[in-house]
Every structure is written in C-alpha cells, then in structure tokens.
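Take a look at the structure below.
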Amino acid sequence: MAVKTIFGIKGKMTQVFDDSGAVYAATMVTASPMIVTQVKTYDADGYQALQVGIGTRKESKLSSPLKGHLKELAPVRYLREIRTDESMDRGATIDVSNFAVGDTVVVSALSKGKGFQGVVKRHGFHGGPRSHGQKNKERAPGSIGGGGRAGGRVVKGMRMAGRMGGDRITIKNLKVLRVDPATNTLFISGAIPGKPGTLVEIRG
C-alpha cells in the first residue's frame, strides 16, 4: 500500500469542471516528489516513521551536519516526518501518483499571520454602542473581570487583543479534483490554510 501523505507548496485558487459540467472552487498545490532521507524504526528510534525531504536549495546553504545527513542525496529545503508503518528505502521517492481523483484528504498548514489585532477582529466581539456619551470606545474589550474573581488576576484564556494567525490549521473532508503527474500538481476542493507559497501537508 502506497504512502498517502505528501507535502507541497500552496498555489493560486482556480476553477475545476467535472465530467458533468459542474464547477468547483479549487486550490492548486505543487507537490514535487519527496525524497526519503531517513527511515526510523521501533528498534532504533522507538517509533516507526519516514523522514522526507521537500523542495530544493543550494548545497552551499546547508549546514555541515545537514550535509552529512543528506550524504549522497540531493539538497532539500524542508525536512518533515510521516508516521507510517510502510517500509521504504532511503533515497526512494513519494509523488502525487499515490493520489487519485475523488480521494478524501485532510489538509494542514500554517494560517496567514495577521499581526497584533484587537478583540473585534480576533474574537468577534461586537463592541460597545455609539450612543450614551461614549467616544472612541466602540471597539474596546470592556471589563476583564478583575477584583471579584480569581483574586484580582486575569483569568487564563481570557479573550483579549494579541497576535492573530500563524496557527496550524487542519481542514478535513476535502476532495482531490484533479491530479497532474506531469507538473506534480494536485487540485484540492475549496480553500486551504495559508498564503501562496505556504508548505502544505496533504494526508489521504
């Protein structure tokens, strides 16, 4: 059984028509063949996994330990692990041919970073009224509890302003609409996390 996991680079969104003429929103993912850089076993590492290399980069950009780790293999941009019981040899490749049209997949990636945001954008607060003498406070968070609760501390998990985005997001039940082995491209139904250029994990 083939390994039904692949990493790729998110591209633009487009439309895909099926045989009946129905149109679907789709996201292009360029998933070049991954190289198995290390095979982890229960005996040596305590768990079974495949370490894979994704993308390419100049060998001069690699650190000395990484050059030794990738000895006799092409220099890669990313190293990731796939938990699987499948047995593969170091240097083997995994490509988009393991996926077929109609496969249901789970997609994970880092969402777009949005910087420091207030409670209205970050948590969906409605803000205060514009009437009753209030000025410049429409988007303020309001009371955060204070003295009567938790001894005057701010309770952990309180919804407040802060850094937004840059989280690992997983979306389930997406469909593979098209597979193009010639260009190593997958077309996934709907929108997936991240901006174009984000590293995306696709699991079958």
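The values are calculated or read from the model by the stated rules, or taken from the named source; none is laboratory data. Small disclaimer: the values here were computed from a predicted structure and weren't measured. Cβ placement follows ideal geometry from the backbone for every residue including glycine, while neighbour counts extend to all protein chains displayed.
Against the condition in contact (Cβ under 8 Å) with a residue 12 or more places away in the chain, exposed (fewer than 10 other Cβ atoms within 10 Å of the Cβ) and of a type outside the set (S, T, N, Q), how does residue 61 come out, does it pass?
So residue 61 fits the description; yes.
Would you mind listing the strands (runs of 3 or more DSSP E) fully within the stretch 1-93 where at least 2 residues are closer than 24 Å to residue 189 by Cβ and among the β-branched types (Val, Ile, Thr)?
Details: elements: 5-17, 23-30, 34-40, 49-54, 78-82.
Fully inside the stretch 1-93 and qualifying: 5-17, 23-30.
With respect to residue 170, determine if the residue is part of a loop (DSSP other than H, G, I, E, B), of a type outside the set (Gly, Ala, Ser) and touching a residue at least 60 places away in the same chain (Cβ under 8 Å).
Judged against the criteria, residue 170 is not a match.
Test of understanding: among 75, 65, which residue is within 28 Å of residue 197 (Cβ to Cβ) and in contact with a helix residue (DSSP H, G or I) (Cβ under 7 Å, 6 or more places away or on another chain)?
Checking each option against the conditions leaves just 75.
If a residue has to be surrounded by 12 or more Cβ atoms within 10 Å (Cβ to Cβ), out of contact with any Gly (no Cβ under 8 Å at 6 or more places or on another chain) and hydrophobic (A, V, I, L, M, F, W, C) to count, how many in the stretch 31-45 make the cut?
1
Here is a yes/no grid of residues against (1) free of Cβ contacts under 8 Å to residues at least 24 places away in the same chain; (2) assigned by TED's automatic domain parsing to the domain that holds residue 26; (3) in a loop (DSSP other than H, G, I, E, B):
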| residue | (1), (2), (3) |
| --- | --- |
| 97 | no, yes, no |
| 100 | no, yes, yes |
| 127 | yes, no, yes |
| 134 | yes, no, yes |
| 137 | yes, no, yes |
| 142 | yes, no, yes |
| 145 | yes, no, yes |
| 155 | yes, no, yes |
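What is the residue count in the stretch 151-164 for residues that are in contact with a Gly (Cβ under 8 Å, 6 or more places away or on another chain) and either modelled with pLDDT under 95 or aromatic (Phe, Trp, Tyr) (or both)?
First pass over the stretch 151-164, keeping only residues in contact with a Gly (Cβ under 8 Å, 6 or more places away or on another chain): 152, 154-155, 158, 161, 163-164.
Add one more test, that the residue is either modelled with pLDDT under 95 or aromatic (Phe, Trp, Tyr) (or both), and what stays is 152, 154-155, 158.
Looking only at that region, the number is 4.
Could we say that residue 143 is over 30 Å from residue 10 (Cα atoms), out of contact with any helix residue (DSSP H, G or I) (no Cβ under 9 Å at 6 or more places or on another chain) and polar (S, T, N, Q) here?
Values: over 30 Å from residue 10 (Cα atoms): yes; out of contact with any helix residue (DSSP H, G or I) (no Cβ under 9 Å at 6 or more places or on another chain): yes; polar (S, T, N, Q): yes.
Against the criterion (over 30 Å from residue 10 (Cα atoms), out of contact with any helix residue (DSSP H, G or I) (no Cβ under 9 Å at 6 or more places or on another chain) and polar (S, T, N, Q)), residue 143 qualifies.
Just checking, which of 61, 71, 67 is of a type in the set (D, E, K, R), under 25 Å from the mean Cα position of the chain (by Cα) and in the same structural domain as residue 181 (by TED's automatic domain parsing)?
Testing whether each residue is of a type in the set (D, E, K, R), under 25 Å from the mean Cα position of the chain (by Cα) and in the same structural domain as residue 181 (by TED's automatic domain parsing) leaves just 61.
When you scan the stretch 176-194, how many residues do you find that are loosely packed, with under 15 Cβ neighbours inside 10 Å and either assigned to a strand (DSSP E or B) or at pLDDT 95 or above (or both)?
1
Report yes if residue 151 is without any contact (Cβ under 8 Å) to a residue 24 or more places away in the chain and outside any loop (DSSP other than H, G, I, E, B), otherwise no.
yes
From the list 56, 41, 84, which residue is assigned by TED's automatic domain parsing to the domain that holds residue 184 and within 21 Å of residue 183 (Cα to Cα)?
56
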